[in-house]
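Heads up, the thing below is written out as structure tokens.
The values are calculated or read from the model by the stated rules, or taken from the named source; none is laboratory data. All of these numbers come straight from a predicted model, not from anything done at the bench. Reconstructed Cβ throughout: ideal geometry from the backbone, glycine too, with neighbour counts over all protein chains shown.
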Amino acid sequence: MALAIAQLGQPVLREVARPVSPEMILDPQFQTFLDDMLETMKSSKGVGLAAPQVFASRRVFVASIMPGDRRSEKTIPEVFINPELRELSSEMEPGWEGCLSFLELSVLVPRHTSLRIDYLNREGQPQSLPLTGFPARVVQHEYDHLDGILTIDRAATPKNIIKSSEIDDAIEW
């Protein structure tokens, strides 16, 4: 079932999310919630979605960043429970980001170009994943949601926040 997505101004987007207990991970209700998050991300045409964005203050997000098979070259979604970012590169790179919680805005955000994320998967198994480029950007964006941080908070200047429909006119490619 697709879930409602919190929009800019909803208090849940500014809260620090609570960790997911080990007992909760395998609970059928929580597993259904994860399925609903994945469906919501897909139906919204997003590449990531954090629990606070669907009004649940929990340290979990989903992201379509895992490599798929070579024939389709599509990515497959992964569930990240109680994630921790490690080994953040010193190199930062700016990039335009959108957000399902305020589709009408695009924000120029500097992000680390590489990192490692440690997390529990949906079975509660510890995982560690090195990421670079776009997948690293997506993970940092979703991780920020777990700490109540939005892309607009990361903009160096208000000039780096623009209306998405105006992006082609506003920036020089």
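Numerical summary
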item	result
From 43, 21, residue being loosely packed, with under 14 Cβ neighbours inside 10 Å, under 19 Å from the mean Cα position of the chain (by Cα) and either hydrophobic (A, V, I, L, M, F, W, C) or at pLDDT 95 or above (or both)	43
Candidate set from the stretch 52-70 (those that are surrounded by 17 or more Cβ atoms within 10 Å (Cβ to Cβ), over 19 Å from residue 125 (Cβ atoms) and among the hydrophobic types (A, V, I, L, M, F, W, C)); member that is farthest from the chain's Cα centre (by Cα)	56
Some residue of the stretch 48-61 being at pLDDT 95 or above, over 28 Å from residue 161 (Cα atoms) and not aromatic (Phe, Trp, Tyr)	no
Of residues in the stretch 92-130 being touching a residue at least 60 places away in the same chain (Cβ under 8 Å) and acidic (Asp, Glu), the one nearest to residue 36 (Cα to Cα)	123
Out of 133, 148, sole residue that is within 15 Å of the chain's Cα centre (by Cα), in contact (Cβ under 8 Å) with a residue 40 or more places away in the chain and on the phi > 0 side of the Ramachandran plot	148
Helices (runs of 4 or more DSSP H) enclosed by the stretch 98-173 - at least 2 residues per element that are exposed (fewer than 13 other Cβ atoms within 10 Å of the Cβ) and acidic (Asp, Glu)	167-170
